[in-house]
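Have a look at the structure below before the remarks.
The values are calculated or read from the model by the stated rules, or taken from the named source; none is laboratory data. This structure is a prediction, so every number in the text was calculated from the model and none was measured. For neighbour counting, all protein chains shown are included, and Cβ atoms are generated from backbone atoms with ideal geometry for every residue, glycine included.
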Amino acid sequence: MRAGRLAHDAAHEELARLAGADAEGPAAAGGSAAAEGPAAAGGSAAAKHDQRNGAREAAAPGLCEAAVPAVVAEALPERAGLSVGNSMPVRDLDSLAAPSAKRIRVLCNRGANGIDGVVSASLGAAAVSRAPVALVIGDLSFLHDVSALQLAARLEISMSIVVVNNDGGGVFSFLPQADREDIFERYFATPHGLDLQPIASSCGARYTRAGRADSLTEQLRAAVKRHGLDIIEVPSTRTANREQHRSVAEAVCRALHDAFGEAA
């Protein structure tokens, strides 16, 4: 029990430190407004990706991607439903959500390829729920099932969707093939470069963007109180997310080592 609490506290202290460091200023790579333009002709595929998304990272200080599911869980009211997407969201919720006496129902749907039908399944849960339902999902999984949004509008289903947008499959950045710059972006990360706001508008959904934990909490609490579909985009980058996870893991190891020595 003590080890679990130490690990949890160390993880959240490190996330808070990382969020504070991000909030001090734009990331060095592509943090200026110029990064909004086309990627430079030279450089690796990963560098081009980070340059394209530098403006998004700079616009979203103060909220680490890994913390998003835990922030959403904390913001939801009693008895609400929390649907969690596959890959990173469900892992981050399991690793970083704090123990709580709040009663919320956690749902997860895994399709044949992991990302299939997550939006549809969550909308189905929302359609029959008397309590608010929120979905935390990655951008690829969201886009894979984006046609479900028009059904939500037609059937007048209310749900809040938090889309963590790192422009690709973030979970693959943790695998060995992430070092293969010649193949990784095209065959594993599969960046799409799409703007989510027009997609939301075309389906009659309200769209907002959250770059800080307090902003996400405020927007979500407002969304779950009203009728209709809300889409809250949380911008991120895959490179930053991988480094933040690594930093959190190292902080947890240090805390356990300090408390228990070699036995940890």
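Testing Q219 on (1) free of Cβ contacts under 8 Å to residues at least 40 places away in the same chain; (2) assigned to a loop (DSSP other than H, G, I, E, B), one condition comes back false. Which one is that?
Status for Q219: all satisfied but (2).
For residues that are over 24 Å from E74 (Cβ atoms) and assigned to a helix (DSSP H, G or I), tally how many sit in segment 170-195.
Matching residues across segment 170-195 total 13.
Output the qualifying pairs, or none if there are none: Cβ atoms under 8 angstrom, residues six or more apart or on different chains, first residue in segment 235-264 and under 24 Å from G4 (Cβ atoms), second residue modelled with pLDDT under 85 and charged (D, E, K, R).
Correct list of pairs: A259/R2.
Taking only pairs six or more apart or across chains, which ones have beta-carbon atoms under 8 Å, a first residue in segment 195-214 that is touching a residue at least 12 places away in the same chain (Cβ under 8 Å), and a second residue that is basic (K, R) and not in a helix (DSSP H, G or I)?
A200/R206
Can you name the residue in segment 195-246 that is among the hydroxyl-bearing types (S, T, Y) and surrounded by fewer than 21 Cβ atoms within 10 Å (Cβ to Cβ) and, of all such residues, is nearest to V133 (Cα to Cα)?
Selected residue: T217.
Could you grab the pairs with beta carbons closer than 6 Å, sequence gap of 6+ or different chains, first residue in segment 92-106 and within 15 Å of L135 (Cα to Cα), second one assigned to a strand (DSSP E or B)?
Note: pairs meeting the criteria are L93/V84; I104/L82; R105/G81; V106/L82.
Which of the residues that make up segment 91-122 are at pLDDT below 90 and β-branched (V, I, T)?
Result: I115, single match.
Return yes or no: is E185 under 15 Å from S160 (Cα atoms) and among the acidic types (D, E)?
Answer is no for this residue.
Report yes if V164 is in contact with a Gly (Cβ under 7 Å, 6 or more places away or on another chain) and not basic (K, R), otherwise no.
Yes.
Could you please give the count of residues in segment 107-137 that are within 29 Å of S247 (Cα to Cα) and in contact (Cβ under 8 Å) with a residue 60 or more places away in the chain?
Going through segment 107-137 one residue at a time, the tally reaches 2.
Scan A213, A153, A200, A205 and give me the residue that is more than 14 Å from the chain's Cα centre (by Cα), of a type outside the set (F, W, Y) and over 18 Å from G85 (Cβ atoms).
The match here is A153.
Out of all the residues in segment 169-181, is one or more over 27 Å from A240 (Cα atoms), at pLDDT below 90 and of a type in the set (S, T, N, Q)?
No, there is no match, as no residue in segment 169-181 is over 27 Å from A240 (Cα atoms), at pLDDT below 90 and of a type in the set (S, T, N, Q).
Out of curiosity, is E185 over 17 Å from the mean Cα position of the chain (by Cα) and modelled with pLDDT of 90 or more?
For E185, the condition - over 17 Å from the mean Cα position of the chain (by Cα) and modelled with pLDDT of 90 or more - is not met.
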